[in-house]
Amino acid sequence: MTTTLDFLNQCSAAAFAETLHGIYEHSPWIPQRAAEQRPFVSLAALKLQLQTTVRNASRDEQLGLIRAHPELAGKATVAGKLTSESSGEQAKAGLHLCSAEEFAALQKLNADYNAKFGFPFILAVKGPDGNGYSRQAIIATFSRRVKNRVDDEMAENLRQIHRIAELRLNDLLGHVPQLGNTIIAWSEIIGAWSDDADGLTCAYMTAAHRKTAAQLLAWMQEAGMQAHIDAVGNVVGRYLSDRSDAKTLMTGSHYDTVCNGGKYDGREGILLPIAAVKHLHERGEKLPFHLEIVGFAEEEGVRFKSTFLGSNAIIGQFDLGLLDKLDVDGIGMRDALHGAGRDVAQIPAIARKPEDLLGFVEVHIEQGPVLLERDLPVGIVTSIAGACRYLLELTGVASHAGTTPMTMRKDAAAAAAEIILCVERRCAQAPSLVGTVGQLQVPQGSVNVVPGSCRLSLDIRAADDATRDAALGDILREIEAICLRRQIDVRLEKTVAAPAAPCAPWLMQQLNDATARAGIPPFELPSGAGHDAMTMARITDVAMLFTRCGNGGISHNPLEVMTADDAEISAQIFLDFLRQFKPA
Ligand code: HGY
Ligand code: MN
Ligand code: MN
């Protein structure tokens, strides 16, 4: 049985509650209370109001909602006592086909989870794309979440209940997140191409990277764009206006990844605009400006330890000296580019003229928990944190682990340990300040040798440069003091110094307006992650639209996830932004 938003807006409160009785398991109070907030301008607004109703309910009512749900492959399943919705959902995930081992694992997880939390484990088993988690993924998620704290699990269970409700509402209203499904499907395709057998690693100019570029080029061309791959590997597509003298609005993000990264970091910001242009092209709809999508070739700095190579080339700031950089296998950047058929002599010609540009708008997964905790599918970025990065080489004296007295050691790893704790302590002193030692190694280390050498990375960021630089100054002085006291030599190499980038209010306002038109309260937040937009900000005004990041907001991790519905809402907002765009 399907219904329409119009009917739900106009029918009696009783009919509204009755029509939605199966959306939240055994909890009619939710649509009964939400009915008072009608009319809803969109399905997204209806979903948000139902979620807000739960958020505003008492803890006991929230616990009652959670406890109204059946266990996964639990007693109610075995006894055939599930609601028709739950029965269908658990069947779609194949939970009625468990092997004896899987069934036993789920029974033990249910028992452990209930004993620890006092309520059942809840997971929207149809998953982020609605196609259903595998039983293996369900058991892995269950095993991961059983280790969480009570409040975190209560919040996650409610988010999973909202996801279940979202999928049931989609079915009830016959809503299919077409663009969102395309974005997720495309992410899966290129997410399968990696430099490593396990996980997604797509470093600059590797075979996986080149294969991904070719696929992006093909999708751009199929979407009606003029597309090419430039001399540094950026994949550039232009959706031309009928007005030959039109200026260009740019969008895009990066398609390289960190080691063992997520499928959406960067890629969403390329695939979503391509899907939106495909939607326009299929309808013969043109824009009053040229739209240029750039798949930036390199942002993460994994292979050659230099970041933003793609966007630096676009703004005419590519340091040609970097072409001599070698990767860990001794392969030079110049050779890697040449091997991919790129002509490095053409790099300077990539530079865009600022006067040709109307601005740059980047769509990116949030990579944090802020939108998730507010039950918001999207947010608008206020500023992008500026990062300073260093590589440190600590040199002490390698000596015998058994005969060197503790008072006579020059232990490089112990010095590194003190430095890491100093970074953690100092960067806890301001809200937007963060400090990370992400790489730490003892070269040629042995169990029975006091480390004579230790290498570590340093990444310090804040929403504003003054906060960041004050912390960095303190940390560098502390590093010097630690190494002096421990008689350790220290060599520092600054590898990144990216200034914080404020987003342009006039562009932010148009993203806010498009978000509000979708029935979602605009929410503004800073970005702790760096993005290509911060490079583009050096030649044009920029803004960013964030998409909610699932799994607690985890990113730079294979667990990074977004739902097809959130990708859909982001794409619809982006489309509406394009259609209503007013140049500064
Ligand atoms: O490190 C960053 O913030 C980005 O993912 N490159
Ligand atoms: Mn990243
Ligand atoms: Mn990114």
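Within the stretch 82-98, the only residue that satisfies the criterion of being under 29 Å from the mean Cα position of the chain (by Cα), surrounded by fewer than 19 Cβ atoms within 10 Å (Cβ to Cβ) and not charged (D, E, K, R) is GLY94. Among the numbered conditions (1) among the hydrophobic types (A, V, I, L, M, F, W, C); (2) under 27 Å from GLY174 (Cβ atoms); (3) open to solvent by less than 60 Å² (accessible area, probe 1.4 Å), tell me where ALA14 comes up short. It is condition (3) that ALA14 fails.
Could you say which residue among MET508, MET562, MET536 is out of contact with any helix residue (DSSP H, G or I) (no Cβ under 8 Å at 6 or more places or on another chain) and either in contact (Cβ under 8 Å) with a residue 12 or more places away in the chain or closer than 19 Å to LEU372 by Cβ (or both)?
MET508
Counting only helices (runs of 4 or more DSSP H) that sit wholly inside the stretch 503-584, those with at least 1 residues that are acidic (Asp, Glu) and closer than 18 Å to GLN51 by Cβ are 564-580.
Scanning the stretch 445-465 for residues that are open to solvent by 10 Å² or more (accessible area, probe 1.4 Å) and modelled with pLDDT of 95 or more gives GLY445, SER446, VAL447, ASN448, VAL449, PRO451, GLY452, SER453, ARG455, SER457, ASP459, ARG461.
The single condition among (1) closer than 28 Å to ALA564 by Cα; (2) among the small types (Gly, Ala, Ser); (3) more than 16 Å from ligand 2 (Cβ to nearest atom) that ALA345 does not meet is (1). Each residue in the stretch 538-563 was checked for being hydrophobic (A, V, I, L, M, F, W, C), within 29 Å of LEU357 (Cβ to Cβ) and open to solvent by 10 Å² or more (accessible area, probe 1.4 Å), and 1 of them qualify. Mind listing just one residue for me: the one in the stretch 298-331 that is assigned to a helix (DSSP H, G or I) and either among the small types (Gly, Ala, Ser) or without any contact (Cβ under 8 Å) to a residue 40 or more places away in the chain (or both) and, of those, surrounded by the fewest Cβ atoms within 10 Å (Cβ to Cβ)? Ranking the qualifying residues of the stretch 298-331, first place goes to GLY321. Scanning the stretch 41-72 for residues that are assigned to a loop (DSSP other than H, G, I, E, B) and closer than 23 Å to ARG517 by Cβ returns VAL41, SER42.
Taking the condition closer than 30 Å to GLN580 by Cα, within 13 Å of ligand 1 (Cβ to nearest atom), in contact with a strand residue (DSSP E or B) (Cβ under 9 Å, 6 or more places away or on another chain) and not in a loop (DSSP other than H, G, I, E, B), does GLY295 pass?
Values: closer than 30 Å to GLN580 by Cα: yes; within 13 Å of ligand 1 (Cβ to nearest atom): no; in contact with a strand residue (DSSP E or B) (Cβ under 9 Å, 6 or more places away or on another chain): yes; not in a loop (DSSP other than H, G, I, E, B): yes.
Considered against the rule, which asks whether it is closer than 30 Å to GLN580 by Cα, within 13 Å of ligand 1 (Cβ to nearest atom), in contact with a strand residue (DSSP E or B) (Cβ under 9 Å, 6 or more places away or on another chain) and not in a loop (DSSP other than H, G, I, E, B), GLY295 comes out as no.
Among the candidates ALA415, ALA471, the residue that is touching a helix residue (DSSP H, G or I) at 6+ places or on another chain (Cβ under 8 Å), without any contact (Cβ under 8 Å) to a residue 60 or more places away in the chain, in a helix (DSSP H, G or I) and at negative phi is uniquely ALA471. For the stretch 442-464, the count of residues that are basic (Lys, Arg) and not in a strand (DSSP E or B) is zero. Screening GLU153 with (1) open to solvent by 20 Å² or more (accessible area, probe 1.4 Å); (2) not in a loop (DSSP other than H, G, I, E, B) gives one miss only, at (1).
Among the residues of the stretch 391-409, write down those that are crowded, with 21+ Cβ neighbours inside 10 Å and either out of contact with any Asp or Glu (no Cβ under 7 Å at 6 or more places or on another chain) or not in a loop (DSSP other than H, G, I, E, B) (or both). Those that are crowded, with 21+ Cβ neighbours inside 10 Å and either out of contact with any Asp or Glu (no Cβ under 7 Å at 6 or more places or on another chain) or not in a loop (DSSP other than H, G, I, E, B) (or both): LEU392, LEU394.
When the stretch 335-354 is filtered for residues that are on the phi < 0 side of the Ramachandran plot, surrounded by fewer than 12 Cβ atoms within 10 Å (Cβ to Cβ) and not in a helix (DSSP H, G or I), the ones remaining, listed by number, are ASP343, LYS353. Tell me, which residue of the stretch 421-433 that is among the aliphatic types (A, V, I, L, M) and open to solvent by less than 50 Å² (accessible area, probe 1.4 Å) is modelled with the highest pLDDT? Filtering the stretch 421-433 for residues that are among the aliphatic types (A, V, I, L, M) and open to solvent by less than 50 Å² (accessible area, probe 1.4 Å), the one modelled with the highest pLDDT comes out as VAL423. The single residue among TRP193, TRP186 that is more than 16 Å from ligand 1 (Cβ to nearest atom), part of a helix (DSSP H, G or I) and aromatic (Phe, Trp, Tyr) turns out to be TRP186.
Filter the stretch 518-533 for residues that are small (Gly, Ala, Ser) and within 16 Å of ligand 2 (Cβ to nearest atom); which is surrounded by the fewest Cβ atoms within 10 Å (Cβ to Cβ)? Checking each candidate, the answer is GLY528. Of the listed requirements (1) away from ligand 2 (no atom under 16 Å from the Cβ); (2) of a type outside the set (D, E, K, R); (3) more than 23 Å from ALA340 (Cα to Cα), GLY269 misses just one: (1). Residues in the stretch 480-499 that are within 16 Å of ligand 3 (Cβ to nearest atom) and outside any strand (DSSP E or B): ALA498 alone. For the stretch 239-280, taking the residues that are under 21 Å from HIS209 (Cα atoms) and of a type in the set (Lys, Arg), the one that is least open to solvent (accessible area, probe 1.4 Å) is identified as ARG267. All conditions but one from (1) open to solvent by 10 Å² or more (accessible area, probe 1.4 Å); (2) touching a Ser or Thr at 6+ places or on another chain (Cβ under 6 Å); (3) within 16 Å of ligand 3 (Cβ to nearest atom) apply to ILE293; the one that does not is (1).
The residues of the stretch 332-378 that are more than 30 Å from ALA504 (Cα to Cα), of a type in the set (Asp, Glu) and without any contact (Cβ under 8 Å) to a residue 40 or more places away in the chain amount to a single one, ASP335.
Scanning the stretch 266-287 for residues that are charged (D, E, K, R) and part of a loop (DSSP other than H, G, I, E, B) yields a count of 4.
Which one is nearest to ligand 3 (Cβ to nearest atom) among residues in the stretch 358-375 that are outside any loop (DSSP other than H, G, I, E, B) and open to solvent by 20 Å² or more (accessible area, probe 1.4 Å)?
If we filter the stretch 358-375 for residues that are outside any loop (DSSP other than H, G, I, E, B), which is where we start, we get 358-365, 370-373.
Subsequent filtering for residues that are open to solvent by 20 Å² or more (accessible area, probe 1.4 Å) retains 358, 370, 373.
Working: LEU358: 23, VAL370: 16, GLU373: 21 Å.
That would be VAL370.
Do we find that LEU323 is hydrophobic (A, V, I, L, M, F, W, C), more than 17 Å from the chain's Cα centre (by Cα), within 16 Å of ligand 2 (Cβ to nearest atom) and within 17 Å of ALA203 (Cβ to Cβ) in this structure? No.
Scanning the stretch 224-256 for residues that are closer than 30 Å to ASP196 by Cα and away from ligand 2 (no atom under 16 Å from the Cβ) yields ALA227, HIS228, ILE229, ASP230, ALA231, VAL232, GLY233, ASN234, VAL235, VAL236, GLY237, THR251.
The values are calculated or read from the model by the stated rules, or taken from the named source; none is laboratory data. Because the structure is a prediction, the values reported are computed rather than measured. FYI the Cβ positions are ideal-geometry reconstructions off the backbone, even for glycines, and counts take in every protein chain you see. Keep in mind that these areas ignore ligands, DNA and RNA; they rest on the heavy atoms of the full protein, side chains included. Shrake-Rupley method; radii C 1.70, N 1.55, O 1.52, S 1.80 Å.
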